[in-house]
Amino acid sequence: MTSAIDWPAAAARLSAFLAGRVRVDEPMSRHTTIGVGGPARVMVLPRTPAEVGRVVRLAFTLGLPYVPVGKGSNLIVRDGGYDGVVIQLAEHMTRVRVDARTVWAEGGASFAALARKMTKSGRTGLEFGIGIPGSVGGAVRMNAGAFGGEVKDALSRVRVVDETGRLRAIAASQISFSYRHTSLPARAVVVEAVFRCAPGAIRKDVYERSIGRKETQPIWERSFGSTFVNPPGRYAAEMIEGCGLKGARRGGAMFSDLHANFIVNVEGRASADDVEALIATARNEVKKKYGVDLKTEVIVIGNR
């Protein structure tokens with residue numbers, strides 16, 4: 001753990017403007033979709049972009065590590081915990097506003113719920129997002145996508161807090177997008193996003209595939225969604241299965257026997273170490289058999 005930082009003093013300074021919304025040694029297993037993770041040194045629950053800015057400015061001044069978290073999908077917090085400030089957006093920053101041809105959402109809003117709401121109300125543009133776990137901020141950050149659609153296809157603009165705590169508006173045209181990646185600054189916190197989502201004919205093929213995910217993916221189990229990015233022209237799930245790892249277990253973590261690119265937390269018994277061990281096994285075996293280096297969609301933070 002970091003010894004140079006006076007964490008009680010830092011928590012007190014955060015509490016001065018976030019009264020009742022600062023938690024110390026908060027278990028991150030409560031805040032990740034896979035349900036693993038040790039404690040965060042400090043967790044804050046901001047209500048506005050301005051409060052996020054104040055948190056980040058203080059972190060910048062004091063040299064505090066920080067990480068924004070929404071729904072906690074695609075996130076592993078190691079069992080030793082995260083020695084920094086977790087900025088939890090999904091507690092309060094979940095507002096949505098529907099305009100004539102666009103929809104505005106805060107960074108902590110559920111991306112899947114937003115996509116469902118828009119599609120059911122006859123808006124087109126976000127059909128692909130119905131089955132994607134996680135928050136709006138996370139979806140924007142990683143250019144989330146499915147069934148031929150990606151965030152870049154619908155995003156109009158974002159508002160972020162940069163690493164100094166300054167609020168910045170960024171047009172989508174100023175962002176470079178690639179597969180599951182954007183050029184947004186690494187430490188920027190996405191606090192708002194606006195998507196093009198006009199009334200119009202729903203793309204039924206995408207909608208039907210999105211709502212049909214439950215037939216092919218274990219969406220009812222605790223997981224972080226897809227574990228690995230699909231390599232060009234290949235499917236990670238097929239290669240993992242080809243290595244005989246579908247259904248393989250390590251402690252309470254298992255490659256789903258429904259979809260091999262999902263690691264599930266069996267009966268809530270998995271540890272972060274279990275999950276990381278399965279990831280390492282798959283990467284090693286796929287490299288040996290197929291010569292492919294699998295890249296994870298998952299972010300790993302914290303201490304072992």
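The values are calculated or read from the model by the stated rules, or taken from the named source; none is laboratory data. Treat the numbers as computed from the prediction; the structure is a model and nothing was measured. Cβ atoms come from the backbone with ideal geometry, glycine included; neighbour counts cover every protein chain shown.
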Taking the criterion of being part of a strand (DSSP E or B) and of a type in the set (D, E, K, R), would at least one residue in the range 245-253 satisfy it?
yes
Quick one: which helices (runs of 4 or more DSSP H) sit completely within the range 89-189 and have at least 3 residues that are in contact with a helix residue (DSSP H, G or I) (Cβ under 7 Å, 6 or more places away or on another chain) and outside the structural domain of residue 224 (by TED's automatic domain parsing)?
111-120, 136-141
Please verify whether residue 15 is over 30 Å from residue 198 (Cβ atoms), among the hydroxyl-bearing types (Ser, Thr, Tyr) and at pLDDT 95 or above, treating the condition exactly as stated.
yes
Considering each residue of the range 65-77, count those that are part of a loop (DSSP other than H, G, I, E, B) and buried (at least 21 other Cβ atoms within 10 Å of the Cβ), and give that number.
5
Picked from the range 199-233 (must be at pLDDT 90 or above and of a type in the set (Val, Ile, Thr)), the residue nearest to the chain's Cα centre (by Cα) is 227
Would you check if residue 33 is under 15 Å from the mean Cα position of the chain (by Cα), in contact (Cβ under 8 Å) with a residue 12 or more places away in the chain and surrounded by fewer than 20 Cβ atoms within 10 Å (Cβ to Cβ)?
yes
When the range 5-61 is examined, which residues are found to be among the β-branched types (Val, Ile, Thr) and closer than 30 Å to residue 265 by Cα?
22, 24, 32, 33, 34, 36, 42, 44
